[in-house]
Amino acid sequence: MPKDTEIKDRKLDHIKINLEKDVRSSLTTGLENVHFIHEALPELDLERVDSSLSLFGKKLAAPILISSMTGGSDEAETINFRLAEAAQTVGVAMGVGSQRVAIEHPEQAATFQVRRVAPDILLFANLGAVQLNYGYGIDQFRQAVDMIQADALILHLNPLQEAVQKGGDTNFAGLAKKIEDVCKKIEVPVIAKEVGWGISERTAKLLENCGVSAIDVAGAGGTSWSQVEMHRAPDEFTRELAATFVGWGIPTADSILNVKKAVPDMIIFASGGIKDGLDIAKSIALGATLGGMAGQFLKAAALSTEKAVEMMELTKKQIEVTMFAAGVGTLDGLKVGKLIEQSKDV
């Protein structure tokens, strides 16, 4: 089991590297190839365009998810609480970073417990699915949910990240059956989430069979965690191994379409290189329910809660202006196929 200081150091490394280094994938999301048909006479009042929705029993003001990022250190606690305060103010969903550090070191639980400042938000707990092969059972996953009074549980899938870390947890054998067991026994919806390399049709079907309630595709085109691990690498061998995979993965647009094709009724979250509200609107047009962003909100929250609120309000407004200019007044209208053109196959 990693020492407390080792896990805390890793969490701090992740924040620092994401804020200071270029850790983008060499791939693009594919969303740049998707375009809305502009309507010069939208027959709408922008002030009445409605970007709200309900999900897992909670009302959201916009289809925005603050993607899972951090926790487990004083700096991470500050960022999490600023993000949560902003999410409460704006009315958007939030996922916390992996809670493994708090399961193994309970004194770190407070860095994740954002309900104190965000009593009403749609909030997602988070643990790595691979931990089911490293001694974790239903009790630990239930503990993660209870720790933050979460509305749902994210099981993140990060095989490539683990494979390019020195000492990573790389035994992903037989996980589907264990994920299925979690889905059956846990009291809240379970969301399967990649961390930046996308979801294939095969994986989408497998996850549906496991009983997950939603899939966050976290496609390629944004942060590459192999690049993050490259910057953390303790030696040249590990650095070169991680650097190999800068162009790996399934782009976000392809991942959304993969899941929609394989399991048409699955709730889809789109993340991975989503840069603004226009990209979120494009993702919804392709079949997603929420669009998740991390880096932009992290950079804003590193400055202040007010900056995080400002960024979320801007993202919401970008979605609404997209809807207005496309001639649709509700999110359901974005899913009408005639509203988008593709300049090439995505």
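The values are calculated or read from the model by the stated rules, or taken from the named source; none is laboratory data. All values derive from a computational prediction rather than experimental measurement. Cβ placement follows ideal geometry from the backbone for every residue including glycine, while neighbour counts extend to all protein chains displayed.
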Output the qualifying pairs, or none if there are none: Cβ atoms under 8 angstrom, residues six or more apart or on different chains, first residue in segment 195-216 and farther than 11 Å from residue 267 by Cα and polar (S, T, N, Q), second residue at pLDDT 95 or above and part of a loop (DSSP other than H, G, I, E, B). 200/250
Does any residue of segment 153-174 turn out to be buried (at least 22 other Cβ atoms within 10 Å of the Cβ) and more than 26 Å from residue 241 (Cβ to Cβ)? yes
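Before we move on, is residue 8 crowded, with 20+ Cβ neighbours inside 10 Å, out of contact with any strand residue (DSSP E or B) (no Cβ under 9 Å at 6 or more places or on another chain), at pLDDT below 95 and not in a loop (DSSP other than H, G, I, E, B)?
Working: crowded, with 20+ Cβ neighbours inside 10 Å: yes; out of contact with any strand residue (DSSP E or B) (no Cβ under 9 Å at 6 or more places or on another chain): yes; at pLDDT below 95: yes; not in a loop (DSSP other than H, G, I, E, B): yes.
The answer is yes for residue 8.
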For segment 293-309, indicate whether the set of residues that are under 28 Å from residue 209 (Cα atoms), touching a residue at least 24 places away in the same chain (Cβ under 8 Å) and crowded, with 19+ Cβ neighbours inside 10 Å is non-empty. yes
What single numbered condition from (1) modelled with pLDDT under 95; (2) part of a loop (DSSP other than H, G, I, E, B); (3) within 20 Å of residue 126 (Cα to Cα) fails to hold for residue 247? (3)
(1) surrounded by 17 or more Cβ atoms within 10 Å (Cβ to Cβ); (2) out of contact with any Phe, Trp or Tyr (no Cβ under 8 Å at 6 or more places or on another chain); (3) not polar (S, T, N, Q): which one isn't true of residue 211, the others all being true? (1)
Filter segment 251-284 down to residues that are closer than 19 Å to residue 65 by Cβ and either part of a loop (DSSP other than H, G, I, E, B) or among the small types (Gly, Ala, Ser) (or both), then give me how many there are. 13
Here are 130, 101: which of them is among the hydrophobic types (A, V, I, L, M, F, W, C), touching a helix residue (DSSP H, G or I) at 6+ places or on another chain (Cβ under 8 Å), outside any strand (DSSP E or B) and over 23 Å from residue 214 (Cα atoms)? 101
Selection from segment 61-109 of residues that are within 19 Å of residue 330 (Cα to Cα) and surrounded by fewer than 23 Cβ atoms within 10 Å (Cβ to Cβ): 61, 90, 91
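Please find, within segment 34-60, the residue that is modelled with the lowest pLDDT out of those that are closer than 22 Å to residue 294 by Cα and either out of contact with any Leu (no Cβ under 9 Å at 6 or more places or on another chain) or not in a loop (DSSP other than H, G, I, E, B) (or both).
Within segment 34-60, the match that is modelled with the lowest pLDDT is 34.
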Could you tell me how many of the residues in segment 22-40 are farther than 30 Å from residue 161 by Cα and either of a type in the set (Asp, Glu) or in contact (Cβ under 8 Å) with a residue 24 or more places away in the chain (or both)? 5
Selection status of residue 249, under 19 Å from the mean Cα position of the chain (by Cα) and at positive phi: yes
If residue 59 satisfies all but one of (1) within 23 Å of residue 267 (Cα to Cα); (2) under 18 Å from the mean Cα position of the chain (by Cα), what's the number of the condition it fails? (2)
Report yes if some residue within segment 128-146 is of a type in the set (Lys, Arg), closer than 28 Å to residue 159 by Cβ and at pLDDT 95 or above; otherwise report no. yes
